[in-house]
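The values are calculated or read from the model by the stated rules, or taken from the named source; none is laboratory data. Since we're looking at a predicted model, the values are computed, not measured. Every residue, glycine as well, gets a Cβ built from its backbone with ideal geometry; the counts of neighbours run over all protein chains shown.
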Amino acid sequence: MKYPKYCVPVKATLEDGSQQFGGIHVTQSQRILDVLCDERSFIPFTLRDRTILLNKSKVVQVDLLQLAEITEMADILPEVNLDYLKANSW
C-alpha cells in the first residue's frame, strides 16, 4: 500500500557551504530525521522546477522553514500543502 507523501520545505546546508532551498518528502507519520537516518545514501530533494538526488553524506545541516519564511519564499520553493504543515508541529 502506498501512502501519500508531503513536501516539507527546508534549507539544506552542504559541506562546501552552499545552501539549497527545497523540499523533503515525508509520509504522514514520518519525520525529516527519519528520512535523513534511513539506509539510503541519496534522497530526493525537490526544487521549484525539478527534483535532484541529494547525497546525505554531504549534508551538514537541515533547517525547517517557518510558515512566514515559506510564504515569503513561495516563488523559489516547491509547491507545498500549507494545511498539512499547519496541522503538524514542526
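A few remarks follow.
- Note on the stretch 65-78: among residues that are closer than 10 Å to Pro9 by Cβ and either under 12 Å from the mean Cα position of the chain (by Cα) or part of a helix (DSSP H, G or I) (or both), the one that is modelled with the lowest pLDDT is Leu67.
- Number of the exception - Val62 against (1) of a type in the set (A, V, I, L, M); (2) within 12 Å of the chain's Cα centre (by Cα); (3) in a strand (DSSP E or B); (4) surrounded by fewer than 16 Cβ atoms within 10 Å (Cβ to Cβ): (4)
- Any hit, the stretch 35-50, residues being out of contact with any helix residue (DSSP H, G or I) (no Cβ under 7 Å at 6 or more places or on another chain) and part of a helix (DSSP H, G or I): yes
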